[in-house]
C-alpha cells in the first residue's frame, strides 16, 4: 500500500550558502491577490510622492572664479575633471570628487570665449577676447616652471568659439568665419564663410566627425562639411540662435538654443521644419548640452534656471534653480550621464543630479529592483490625474512663475486672434501655420 | 603598274569598239547621252576626225578672241555670260585645291558654332557646390537611419554601447591564482589530486597545444566550407520536411496515400513474380494487420470522437461522411485478402450468387414483417418487451407493417444504436465472406500456386470452422438472409447520395405542411418531443391512440432508422427524409414559440416607467425619523411609538433640485457621479493609445512581484536606459553598430586640394597686413 505523504525536495528550500536569500515560496494565484489595479495605483501614487520628497538635485557649488563663468568643458577621459573659463580670462580646472579647484591659469585678457579639450585629454584650447587661440597642458607646470601655453596663435579677429575634432588633431574656431586649424600650424588649413556676420559658436558632429554646425548673429544656423570645405545649408530662424549641440547618438539631429525662449531640434537633412520645438523657458536660452545617452538634453537660460528636456517632448521634465543662481551662461552634462554642471553669472559652477530624486552611490539589488519597479509604476500610471499633478509639481521662483503666466496669456491671445482671423476671412484665404513651421524663416541652399 | 596598264588597254579597246559600232548606234545613242557633256565632246572630236578622214584636211584653226571693249581697270563685266559677277567667284581659284577646302570646312564649322556662354556667377557656382555637397552628406547620414530607429524603439539601451572585449584567459591561468576555500571545493580538489589530474599546471603541454593548432589554413577553410554546406543542406531538408508537414490539404494527403498504396501494390506484384514466398509473407503480414484491426476498436466508431460525431451525424453531413469514411477504412482493413487471380473469379461468383438472392430477400423482408426479421434478432435478447410488442396483432395489421419492428427503437439511444448496427453490419459482412469461402471450392481448383493453395486451404478450414459455429448458434437461413441484407446495405455510394438529391423538394413540401400544422395548433408540436416518452404508454394500450399521433411517432422513429442505416429501401426514403426535416423545423418553431412565450407578458414601456419612478424615488432626499421607541412610553415587541411622537420627531427632508429628466418621459438621467473615484480616473485617452481598451489593458496587467514570477517581474520592470556608474559614455561609433567607419581621415581631403577659399583667406590676410 502506498502512503501518500508530504515530500519536499531539499533543493527547493535549502540555501547553498548562508549568504543566499531565503527562498520564499509564493502562490501567484490571482484570487489570492485581489485588487491588483488599486493596489498598484496606490503604490504608484506613493512612489510619485516619494520621488517628489527625495527630489533634491543640487549637489555642490564650486566657487572660486572672480567673474562670471563664460564657458565649461568636460574632460574626455576623466569624469572627475572639469574645466571652466571666466569672463576675466581665468581658466580653472576642477576636481569634482573633491569639489576643489586643482589648477588655475590666467589664460587671456578679457573674456575666455571658448574652451575645449583635446580628444586624448592631455591638453586643452582656449580662445579669448585678445584674438588669441592658446593650447595648454592639462596638468599644471612642474615645480619651478612658469605657466605658459604650449602654443599661441595670434589671429586677426576675435574668436568667439572653439571646438575640437573628436578623433583628429584638428580644431575649429569661429568669429568672422569658421576656421579649421591643424594643431601643428599657425594658420588655418581651411576657412569657410557664408555671408558676413559674427559666428557665435561652432560644434563638431561627434559621430560623422567631418560635419560642423555653427550659428551666427544674423539669425542663421549654417552647416559645414570639413572634407569638402564648403558650407552645406543655412536655415534662418525668427531670432538669433545662441548655440547648437549635436545629439551624440543620432548623427543627423542637433538642437539649437534660441533667443526666442525656445529650443529647436532639427534633422539636418530636413531643415525646413524642426523635428521638435521645446518651450518652457521664459527668457533667452543661452546654452544647451546633450546627455551622452542622447535621450535628454539640458538647457541654460537667461531666466536663471536650467531645464531638462526629453528629446522627443516639447515640454521640460525638470527645472533647476536656486535663489542665488543668476543668469546661467553655460551648461554641461557629464559623460556618465549622471550629473549636470552649470556656470552662471554669479561666478559659481553648480553641480546637479540629472535625475533629481535618484539615490547616489551603490545600490543593493533589492533597492535597484524597488526603484525599477517604482519607476515603471510611475510610468504606467502617469496619465492618472493625481499622479500627473504630483509628478509635474515644481516650485518656481516668483519671477519665472509670473513670466509663465504672462506668456500663457500672450500665447492664448495670439491663438485667439489667429482663430478669429481665420473665422472672419474668406475660407481658405488664411492658412494656419503650424507652430513648428512658424519659426523657420527660410532655408538657404 | 601592270594593273593601270591593263586598264588603259581596256579603255583603248572600248574606244575601238565604239568606233566600230558608231555608224549603227549613233542615232539611238544621241538621246541617251545628251546630258553627258564629256560624251558630247568626244562625239564632236569623233565627227571631226571622221570629216578629216576625207583627205580634204580642212582642220579648223583655233579661234582667236579679242579683249572686250568694255574692259576697264575699274570694274569687271561678265558680258556674254549673262550672269552677275560675284566677288567670291573672283576669289575662287582656277583650280579647287584641297588645302583650301580644309580651311573652308573649318570656317564653316566656326560659323555653325554659337558663342560661348558667360561663366556662371561665383555665387551661383558656390550654390551648386553646396547643393552637391549637401546631397552627398545627407546620403552619408542616411546610413544611420536604421540604427537611430532601432535605438529609439529599443526596450532597453545599455550604455556604454561599445562592449569591452572579454579577454580569453586560459583555464590554468585562472586556476593558478585561485585557492579552494569552501569545504566543497576542497573536497573536489582532494579528489582531483588523488586521481592525479592536473590542476594548477597547464592542462596541455605546449607540444599538445601546437599539435592542436596544427591544422593549416586551407584545411580549416575546407572544413568550414564542408560544415557550412552540411548545415545548409540540413536546414534545407528540415525546412522542406516542415513545409510538407504543414500542408493541410486533404486532397494532397489523399493523393499521397494513394500514391503510396499504388507503389506498394506495384512492389507487391513485382515481388510476387520474383519471389512468391516473400509475397506470401507480405500477404500474411496483411492478414496479420487484418487480425489486428479486428481485435482493435480503432476504426469501429467507438471512440470519443466517433461518439461525438454520431451525435452530430444527425444534423451534419460532414460528420456523417467522416464516420462513413472511418467505417470504410475499417472495412478495407478487414477485407480478406485473396490471391489476385482467384479472388477476381471468386467475387464474380459471389456476386452472381448474391444478386439473384437480393430481390427475393428484400421482398421477403418487406412482405413478411414478423418472421425472419433481422432487426428482431438483434434486439431479441436485449429487449424482450419490444419483441412482445412486435408480436402484437394490431401492429401487424397496420399498413406500414414492414416498418413496425424498426419503430421500437427510441430516440435517446440513437448513437448506441448506430454503433450497434455498424457492428452488426460488419459481422454480417464477415459471415458473407465466410459463405464465399464455402462457395470457393468451385473456383479454387484452378489455383496454380501450391504454396498459396496451402495457405488458402488453411484459411478455408478456419472459415468453415467459423461457419459451423455460426450454424450452431443461429440457423443457416438466418445467416444467409443477413448476409443478403448486408449486401443490400453495401450498395454503392451513388445510392447513398440519392437522399441528398431528393431532399430539397421534400423539404419544401414539409415546410408547407408545417405551416398547416402550425394553424392546427401547437398541440402537435408539443407532442413530438414528448413522443418518445409517451411511446411506452401508447404501446401498453395501443387501442386508445389514433392515426395521426401514431403516424407522427412512427415518422419520428423512422428518422433514427434512416440515420442508422447506411442503405434504405426506396419505399422508406420517401417517408424518412421529410420527417427529419420536419423534426428540425418543428424544433425551430418550438424555440420561436418558447421565446414568444417567454416575452409574452413583457410590457417594456411599463417596465421602463416603473424603473424611472423607482430611480426618481431613490434620488429623492429621505426624511429622517428620530423617534426612539420606548422613550416616554412603553416599548417592546409589538409596540410602536405613537403617531403623535413620530410626527413630532420626523425631520422632513427639504425638496431637492428638480430632476433634469423631469420633462423627458423616455429618458433616465442619472445625476450620480462618484466624484471621489472620478478624481482618480483618466479623462482622456493618452497619446500613444488608439483605443480605450488598449489603455485599460495596460492598466489592468499588474507588474508587481506579487502577481508575477521573479523572472517576469524583472522583465516587466526593466529600465529603459541603463548606465554604468563611473563609465564614460562615448558618442556612438560606426564600429559599434557594425558599420565600416570611413578609413579616410577627415583632414586628408582638405589638405589635398588647395582651396579657393583658402586663397581668399590669404587675400584677406594680405589686406590685413596692409592695414
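Quick notes on this structure:
- Residue match in region A:233-244 (condition: at pLDDT below 95, touching a strand residue (DSSP E or B) at 6+ places or on another chain (Cβ under 9 Å), facing another protein chain (nearest Cβ under 10 Å) and more than 26 Å from residue A:118 (Cβ to Cβ)): yes
- Region B:711-723, subset facing chain A (nearest Cβ under 9 Å) and either modelled with pLDDT under 90 or not in a loop (DSSP other than H, G, I, E, B) (or both), residue farthest from the chain's Cα centre (by Cα): B:723
- Helices (runs of 4 or more DSSP H) fully within region A:326-445 that include at least 1 residues being more than 30 Å from residue A:273 (Cα to Cα) and within 14 Å of chain B (Cβ to nearest Cβ): A:365-380, A:385-392.
- Test: residue in region A:89-108 that is within 14 Å of another protein chain (Cβ to nearest Cβ), more than 28 Å from the chain's Cα centre (by Cα), exposed (fewer than 12 other Cβ atoms within 10 Å of the Cβ) and over 30 Å from residue B:695 (Cβ atoms): no
- Filtered residues of region A:35-49 (kept if touching a helix residue (DSSP H, G or I) at 6+ places or on another chain (Cβ under 8 Å), more than 8 Å from chain B (Cβ to nearest Cβ) and within 13 Å of residue B:703 (Cα to Cα)): A:44
- Of all residues in region A:1-24 being within 14 Å of chain B (Cβ to nearest Cβ) and at pLDDT 80 or above, the one that is nearest to residue B:703 (Cα to Cα): A:20
Yes/no per residue for (1) loosely packed, with under 13 Cβ neighbours inside 10 Å; (2) on the phi > 0 side of the Ramachandran plot; (3) outside any helix (DSSP H, G or I); (4) in contact (Cβ under 8 Å) with a residue 24 or more places away in the chain:
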site	(1), (2), (3), (4)
A:38	yes, no, no, no
A:43	no, no, no, yes
A:48	no, no, no, yes
A:52	no, no, no, yes
A:70	no, no, yes, yes
A:77	no, no, yes, yes
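- Filtering A:391, A:344 for residues that are at pLDDT below 95, closer than 30 Å to residue B:680 by Cα and under 23 Å from the mean Cα position of the chain (by Cα) leaves a single hit, A:391.
Okay, residues lined up against (1) away from chain B (no Cβ under 14 Å); (2) under 24 Å from residue A:68 (Cα atoms); (3) in contact with a helix residue (DSSP H, G or I) (Cβ under 9 Å, 6 or more places away or on another chain):
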residue	(1), (2), (3)
A:227	no, no, yes
A:254	no, no, no
A:264	yes, no, yes
A:300	yes, yes, no
A:305	yes, yes, yes
A:312	no, no, yes
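Rundown of residues vs (1) surrounded by 19 or more Cβ atoms within 10 Å (Cβ to Cβ); (2) touching a strand residue (DSSP E or B) at 6+ places or on another chain (Cβ under 9 Å), yes/no style:
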| site | (1), (2) |
| --- | --- |
| A:140 | no, yes |
| A:151 | no, yes |
| A:167 | no, no |
| A:188 | yes, yes |
| A:205 | yes, yes |
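- Candidates B:729, B:668, B:703 - the one that is in a loop (DSSP other than H, G, I, E, B) and touching a strand residue (DSSP E or B) at 6+ places or on another chain (Cβ under 8 Å): B:729
- Residue check, residue A:320 within 14 Å of chain B (Cβ to nearest Cβ) and either buried (at least 22 other Cβ atoms within 10 Å of the Cβ) or under 25 Å from residue A:85 (Cα atoms) (or both): no
- Extreme residue, farthest from the other protein chains (Cβ to nearest Cβ), among residues of region B:675-695 that are part of a helix (DSSP H, G or I) and surrounded by fewer than 14 Cβ atoms within 10 Å (Cβ to Cβ): B:693
- Tabulated pairs, region A:284-295, first facing chain B (nearest Cβ under 8 Å), second assigned to a strand (DSSP E or B) and surrounded by 24 or more Cβ atoms within 10 Å (Cβ to Cβ), C-beta under 7 angstrom, 6+ apart or interchain: A:292/A:333
- Among the candidates A:251, A:256, A:172, residue that is outside the structural domain of residue A:127 (by TED's automatic domain parsing), within 24 Å of the chain's Cα centre (by Cα), closer than 24 Å to residue B:127 by Cβ and at pLDDT 90 or above: A:256
- Single unsatisfied condition, residue B:728 versus (1) at the interface with chain A (Cβ under 10 Å from one of its Cβ atoms); (2) loosely packed, with under 11 Cβ neighbours inside 10 Å; (3) in contact (Cβ under 8 Å) with a residue 12 or more places away in the chain: (2)
- Boolean, residue B:678 is under 60 Å from the mean Cα position of the chain (by Cα) and within 30 Å of residue A:390 (Cβ to Cβ): yes
The values are calculated or read from the model by the stated rules, or taken from the named source; none is laboratory data. Source: prediction; values computed, not measured. No Cβ is skipped: glycine too gets one built from the backbone with ideal geometry, and neighbour counts run over all protein chains shown.
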